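One structure is given here, and the rest of the page talks about it.
The values are calculated or read from the model by the stated rules, or taken from the named source; none is laboratory data. Keep in mind it's a predicted model, so treat the numbers as computed, not measured. Note that we place each Cβ from the backbone using ideal geometry, even for glycine, and neighbour counts take in every protein chain shown. Keep in mind that these areas ignore ligands, DNA and RNA; they rest on the heavy atoms of the full protein, side chains included. Shrake-Rupley method; radii C 1.70, N 1.55, O 1.52, S 1.80 Å.
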2 protein chains.
Amino acid sequence: MARWEPNAHERLASAAIELFLQQGYENTAVAEIAERAGLTKSTFFRHFTDKREVLFGRDELSRLLAGAITAAPASATPIGAIGAALDAAAAVFGPERRDWARNRQAVITATSELRERELLKRASLVEAMTGAMRERGVRDPVAGLAAEFGYLAFENAFKRWIDPAGRDAFGEVAREELESLREAITELG
Amino acid sequence: MARWEPNAHERLASAAIELFLQQGYENTAVAEIAERAGLTKSTFFRHFTDKREVLFGRDELSRLLAGAITAAPASATPIGAIGAALDAAAAVFGPERRDWARNRQAVITATSELRERELLKRASLVEAMTGAMRERGVRDPVAGLAAEFGYLAFENAFKRWIDPAGRDAFGEVAREELESLREAITELG
């Protein structure tokens, strides 16, 4: 078998989600994922450290969102910088990833270990976004509030994007959710 | 030994925190906690289902905060209802609980299993507060935003309250943090 396999990463990710949905995350071994993808276990381990990493990656999202906040124009308000972060997310959440993302969420919801891992990821995302806001010169507690606000916008957009009834692109729903939350601010009192 | 032990709950909680700090959470057995408190294991289990419950309780905080939001006057804004929730928390976070709360936080920070448990508790608190906001007739996504805002105010206040350099009562710092976050809103853009 050749060392380089075309689309190995995507084939492994698809095979993993299929098996997690069919037989449960806990009951699925790395060897089965590799077999389903028509690849070897050692190819799997060149792409992922373990089966959990198939679902959670290596903090790419955290780097993407925080990086976009840091790179937003100096004139951007905190919510403007959040908008830039959502645009960056939209560039990677293309329509071809939507079914996979929905299935991934179903696997996470069904597995308490994975729900806990998702909360850890949420905490590290908010921390990274708070740090990026501070780097822009945003003071405390505005930086932390902006990060929580941004996560909520991202989460609301993500839920709508993976909804089977939804049709819109991630970037579109993200802009709408951000605007909807911006209006919500005025009703807090 | 008498069936009823005066202050058994507080004695067990103090003994547990002492041992967790001295020898680590994982290395402490329920039998040791009971012994340190001068009580039996069966007395321990009349008060707590396991040693984790000494630290996290039985969702009393969730009920307390959500209950206060529900009970706030109909005329109160979402932030007004959050203020009522923080007042309710202040009524139970008296000065006599401050050292214990600080030590508890040190134990949680030192133990990854407990940090994950704390994130689960955060999620369930936000969910309970979101539900209480909806019951007040607050629409989505304002309800969720108000709950996140309220948790942030609570968290910021709690951190300041347990800071060894701090001297102020919980109610006082909570009101200040809430006001500080309310001002921060205007800087989001």
Residue tally, condition closer than 18 Å to A:R97 by Cα and either among the charged types (D, E, K, R) or touching an Asp or Glu at 6+ places or on another chain (Cβ under 7 Å) (or both), over the range A:1-44
4
Of the criteria (1) crowded, with 18+ Cβ neighbours inside 10 Å; (2) under 23 Å from A:A147 (Cβ atoms), which one B:E155 fails
(1)
For the range A:136-146 the number of residues that are within 14 Å of A:G83 (Cβ to Cβ) and within 11 Å of chain B (Cβ to nearest Cβ) is 1
Can you spot a residue in the range A:95-107 that is of a type outside the set (G, A, S) and at the interface with chain B (Cβ under 9 Å from one of its Cβ atoms)?
no
Of the residues that sit in the range B:167-189 and are closer than 14 Å to B:A101 by Cβ and open to solvent by less than 20 Å² (accessible area, probe 1.4 Å), which one is farthest from the other protein chains (Cβ to nearest Cβ)?
B:F170
Please go through the range B:91-111 and give me each residue that is open to solvent by less than 30 Å² (accessible area, probe 1.4 Å) and part of a helix (DSSP H, G or I), ordered by number.
B:A101, B:V107, B:I108
Looking only at the range B:60-78, and only at residues there that are open to solvent by 70 Å² or more (accessible area, probe 1.4 Å) and hydrophobic (A, V, I, L, M, F, W, C), the one that is nearest to B:E127 (Cα to Cα):
B:A71
